[in-house]
Each structure stands twice: as structure tokens, then as C-alpha cells.
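Chemist: First the structure, then my questions, so here it is.
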Amino acid sequence: MHDLETLKSGGYRGAGLMQLKLTCPLTSFPEEVFELGDSLERLDLSGTGLSSLPAHFGPALPKLKIAEFSNCSFKVFPKALAPCLNLETAVFRSNGMDEVPEDALPPRLRCLILTDNHLTSLPSAIGDCERLQQCILAGNQLDSLPAAIAQCKQLAVLRLSSNKLPALPSWLFSLPELAFLSFASNPCASPMANGVHTPRGLASIAWSDVEVQQPLGPDTFQGLWHQSPHYAEDVAIKLFRGTLTSDEGTPTDEMAACLATGAHESLVTILGRIHSRPDGETTSTTPSEEEEGTTTHLQGGIVTQLLPDSYVPLVSCQQQLPSPHDEASDTTAPHPPPPIDANTALGILTGLAGCLAHLHTRGISHGALFAHNIRASAADAHAVLDLDSFRAATVVHGHLEHAGEVERVEVLAFGRVMERVLAARVRVGEEQQQQQQQQEEEEEEEEEEEEEEEEVWRGMREVQGRCLLPDVRARPGFGEVVEALEELMGWRGLMRIPDVHPTR
């Protein structure tokens with residue numbers, strides 16, 4: 001964070017500043033920012049209330065790559081950004097924006113975030129942004145999308161939740177790289193008019209019976225569920241708060257999706273739903289909020305099993321896509337995944353594919369199948385889809401016209417996950433090979449084992465190749481993926497938990 005007075009007095013001039021962040025109220029754009037034009041790559045004026053940019057903004061900041069103006073007052077997307085030839089990320093969350101002019105979008109845009117505005121349409125010129133990879137439009141009033149988006153062949157992430165789309169356009173499924181799609185709280189998805197329903201058999205838990213101990217992630221805590229005065233169980237506690245709290249969708253949609261998942265061995269088990277707070281109100285605070293003196297509307301909460309410490313994120317790095325967040329500026333190479341053998345990889349991928357087949361059978365599209373949203377135990381050859389990752393999930397109508405294509409969009413995301421897992425295969429070193437060659441009696445047996453293992457790797461790569469096909473409709477469904485992976489194992493349906501459909 002930087003100081004406006006220091007900026008105005010020339011304190012940052014000549015310092016080679018690459019990032020500038022101001023949070024103080026601004027009635028106009030500070031011209032002194034242009035003195036940093038030779039080096040500035042990231043400008044964050046979120047929360048300043050700014051409503052316009054100077055006409056010479058683009059030419060004066062030729063190296064600018066990321067521009068953030070969230071929680072400002074831009075009613076119209078500023079045309080001053082169009083001449084920013086190197087701008088890749090533009091962020092305008094919660095501006096009350098109601099228009100994006102045809103000639104306003106920078107040509108090299110890769111990430112466009114317009115969450116929580118009042119947009120009723122988008123310009124056809126968005127199709128000229130051929131490098132666009134992320135388009136985040138949740139929380140607007142869009143009832144259609146321009147067909148020109150079909151020209152954005154690199155588009156991988158599309159967030160459409162909380163809009164007014166009556167249907168998904170068929171051209172959407174011509175996008176060869178689209179892997180992460182969310183569209184909850186649209187007329188084409190399941191309506192929330194009847195509220196979020198608790199499945200039969202799920203425990204109803206009072207907040208007074210839950211003890212929060214330490215945070216595990218955003219709105220998720222490790223704690224105890226006191227089932228009686230004499231027994232308490234280690235659990236995870238997940239709270240759903242606010243309205244449109246993320247670029248993916250609403251907490252209500254997230255909770256509805258979590259409660260609709262049902263049981264599967266590659267899903268975290270939901271033990272119960274929290275039905276009250278100590279004061280009986282629907283508005284309260286978490287421990288961190290009590291310290292800050294803030295209050296957030298609570299939509300609900302669930303109690304789930306606590307995963308053992310051996311379950312860690314499948315990979316430690318974030319998605320390799322442009323992001324406005326701080327981690328995007330980290331240029332260090334991601335840590336390579338730990339080496340695994342063929343059987344471990346196959347067990348992890350088969351269970352995960354089975355979980356996704358289970359979800360899509362129940363009409364749930366996860367929407368955020370990134371490797372860091374999957375927790376895996378190499379020792380158990382097992383992976384679990386974390387319920388804390390369902391913010392982009394969509395519960396769809398059973399008669400959704402493009403349900404098959406929606407599933408195959410997510411199959412591409414699964415193919416990307418396979419790519420990361422297969423890259424972690426164990427390779428036998430030259431030294432080990434020499435030792436094996438000296439053991440003549442064991443050599444033949446080891447070669448047979450290596451051939452069998454290599455056959456499994458080849459089989460997994462073949463499945464992955466089908467998942468990555470650019471033609472969406474040519475990809476297999478998750479049921480086919482499970483069948484192909486289980487065939488590599490030589491057995492069918494190990495420990496498969498029967499699917500129990502909700503009563504309709």
C-alpha cells in the first residue's frame with residue numbers, strides 16, 4: 001500500500017516502481033501516477049471511489065498489465081483503457097457499472113472481471129479479445145451473451161452465476177479451452193425459490209454444540225462437535241456468509257450444491273447442518289469478525305468430517321491463468337508434484353472421476369476442478385474433492401438442454417488434472433537400472449512389472465488425450481472415463497458407494 005502525499009510530492013519518482021496501490025478517497029485521478037509510466041505494471045485504486053480516467057491514461061502508462069478498480073464508481077467501462085496495449089487484467093467489481101462500450105476493451109486482455117455490477121449486455125467487440133482466458137460476469141443482469149465470444153478460442157474460465165440467462169447458447173460449447181463454467185442462479189439452472197433443503201437423515205446441529213478451534217481456510221474451521229456431554233468428534237465447520245461474496249457465485253448456491261452432493265468415497269462426508277447461532281439470530285460473527293468489530297449475514301453452515309493430515313492439495317501451485325490477486329505476481333516456478341507410481345496415480349484418478357460422474361448424475365457441475373481444490377493421500381492412492389471448493393458449483397435442471405456438453409466441459413478440467421498427476425510419475429534412474437541388470441534372476445520379473453506399469457501409464461495417457469479433445473462433444477462423459485480407468489485396474493466398482501438420488 002502506498003501513500004498519496006508521498007506520490008504527490010514526487011517520493012516515488014525515479015524509484016522504478018512496478019506496483020502502486022492507493023486506498024484513500026479520490027475525486028479525480030492523480031496525475032502524478034503518470035510519472036511512474038516507465039516502470040508501472042500494476043495499478044490498484046480499488047475502494048477509492050474513482051469514477052473516471054484521463055483520456056491520455058493508456059499512452060501515459062505503456063507498461064501497465066493489471067488495472068484494478070473494484071468498489072469504485074465507474075458507471076461505464078472507461079474507454080481510456082482501450083489504448084493500453086499491454087493491459088492483460090482489468091478488474092471492476094462492485095462499481096454499479098451498467099455499460100461496456102463497443103470500443104472500450106483493451107485488445108490484449110486476458111482476464112476481465114466485472115462481478116457484481118448492473119450490466120444488461122456486453123459489446124460484440126469482446127470477440128476481438130482473442131487472448132481472453134477468464135471472463136468473470138457473476139452478479140449482473142445479463143439475459144444473453146454476444147455470439148462474438150465464440151471467437152475467444154482461449155477462453156477457459158467463464159463465470160455467469162446470478163444473472164438472467166434463460167438458456168446457455170449452443171455456441172458456448174464450441175470453445176475448445178472452456179473448462180471452468182458456472183451459471184447458478186440463472187433461469188436455466190435449478191431455481192432457489194423453495195430455499196436450500198436438508199437431505200433426509202442429515203443431523204440438525206445447534207451452534208451451541210459446535211466448538212470452533214482454528215481456521216482451515218476461508219470460512220472453514222477445525223473444531224469439535226459435542227454430540228453429548230460425554231462425547232465430542234473432531235470435525236470441520238463450514239460457514240456460508242454474505243450475498244455475492246466471490247467471483248463464482250452466492251453462498252446460498254454453494255450451500256445448496258454441497259447439500260445436494262450425496263455420499264461418495266471421494267467426497268468429504270457431510271455430518272450435519274447448523275440450524276442456529278447462540279443468540280438465535282441469523283446475523284452474527286465468526287471469531288475473526290469479533291476482533292474486527294464487523295458483522296456478516298450468515299446464510300447457514302455445515303459440519304463435515306475432518307480429513308487426516310496426510311491429505312494434502314494435489315499440487316501446491318495455483319491455476320496458471322492471469323489473476324488480479326497477489327499470488328499472480330509470484331514469478332517463481334511452482335513446486336513439482338511428489339513422484340508417484342502408476343497404481344497410486346490410477347487410484348487417485350479413478351476415485352476422482354467416479355466422484356465427478358456421481359455429481360453430474362445428480363445434476364451438479366463443480367465448476368472449479370483445479371488441482372489445488374483436490375486433496376490426495378499418496379499412501380492411500382486416494383483423492384477427495386474438498387467441499388470448500390464448491391463456490392462455483394451449479395445445480396442444474398434435469399432437463400437442461402446442454403447437460404451433456406456441460407459435463408464434457410468439466411471433463412476437460414479433469415484432463416488438466418490428469419496432466420498434473422501423470423507428470424509426477426516415478427522414473428527409474430540409470431543407477432537403479434544398472435543394479436537391476438546385475439540381478440539376472442530378478443531382471444525378467446522386473447521387466448514384466450515395468451511393462452505392465454508402462455501399459456497402465458499409456459492407458460492413462462490415452463484417456464487423458466480423449467479428455468483434452470478440442471471438440472467438446474467428442475470427449476467422453478465421466479461414466480466412460482471411470483469405465484476406462486477401472487479397466488486398467490483389472491477390476492470393477494471397488495468400494496463404490498451406491499448412489500442414492502434425492503426424493504423428487
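The values are calculated or read from the model by the stated rules, or taken from the named source; none is laboratory data. Worth saying up front: this structure is predicted, and the values here are computed from it rather than measured. Note: ideal-geometry Cβ built from the backbone for every residue, glycine included; neighbour counts use all protein chains shown. To get the accessible areas, we keep the full protein, side chains included, count just its heavy atoms, and leave off ligands, DNA and RNA. Shrake-Rupley method; radii C 1.70, N 1.55, O 1.52, S 1.80 Å.
Chemist: If we count every other residue with Cβ under 10 angstrom of residue 176's Cβ, Lys/Arg +1 and Asp/Glu -1, where does the sum land?
Modeler: Here the count lands on -1.
Chemist: Counting only Cα atoms, I'd like the Rg/Rh figure for the stretch 129-176, Kirkwood definition for Rh.
Modeler: So for the stretch 129-176, dividing Rg by the Kirkwood Rh gives 0.94.
Chemist: Averaging over all projection directions, find the projected area of the Cα convex hull of the stretch 41-102 and quote it in nm² with one decimal place.
Modeler: Mean projected area of the Cα convex hull: 3.7 nm².
Chemist: Under a Cβ-Cβ cut-off of 9 Å, what is the net charge of the residues other than residue 19 that fall near it, where Lys and Arg count +1 and Asp and Glu count -1?
Modeler: With Lys, Arg at +1 and Asp, Glu at -1, the neighbours total 0.
Chemist: To continue, here is another question. First measure r as the distance between the Cβ atoms of residue 153 and residue 230, then evaluate 1/(1 + (r/R0)^6) with R0 = 56 Å and state the FRET efficiency to the nearest 0.05.
Modeler: 0.35
Chemist: While we're on this one: Using the Cβ atoms and a cut-off under 11 Å, what net charge is assigned to the surroundings of residue 123, where Lys and Arg are +1 and Asp and Glu are -1?
Modeler: -4
Chemist: Shifting gears a bit: Please list the equivalent ellipsoid semi-axes of the stretch 30-164, computed as the square roots of five times the alpha-carbon gyration tensor eigenvalues, in descending order and whole angstrom.
Modeler: Output for the stretch 30-164: semi-axes of 24, 17, 12 Å.
Chemist: Per Stokes-Einstein, at 10 °C and 1.306 mPa s, what whole-number D in µm² s⁻¹ belongs to the stretch 133-235, with the Kirkwood radius over Cα pairs as the hydrodynamic radius?
Modeler: 92
Chemist: Accessible area of residue 23, 1.4 Å probe, to the nearest 10 Å²?
Modeler: My reading of the accessible area for residue 23 is about 60 Å².
Chemist: Calculate the length of the line joining the C-alpha centroid of the stretch 235-261 to that of the stretch 175-189, in whole Å.
Modeler: Cα centres, the stretch 235-261 to the stretch 175-189: 17 Å.
Chemist: Which value, in nm² and rounded to one decimal, describes the direction-averaged projected area of the C-alpha convex hull of the stretch 87-150?
Modeler: Mean projected area for the stretch 87-150: 3.7 nm², to one decimal.
Chemist: While we're on this one: What spacing in nm lies between the two simple spin-label points modelled at residue 297 and residue 276, each 7 Å away from Cα in the Cβ direction?
Modeler: The modelled label-to-label distance comes out at 2.3 nm.
Chemist: Another question, if that's okay. Full extension from residue 143 to residue 380: what is 0.36 nm times the residue separation minus their Cα-Cα distance, to one decimal in nm?
Modeler: So the extension gain works out to 80.7 nm.
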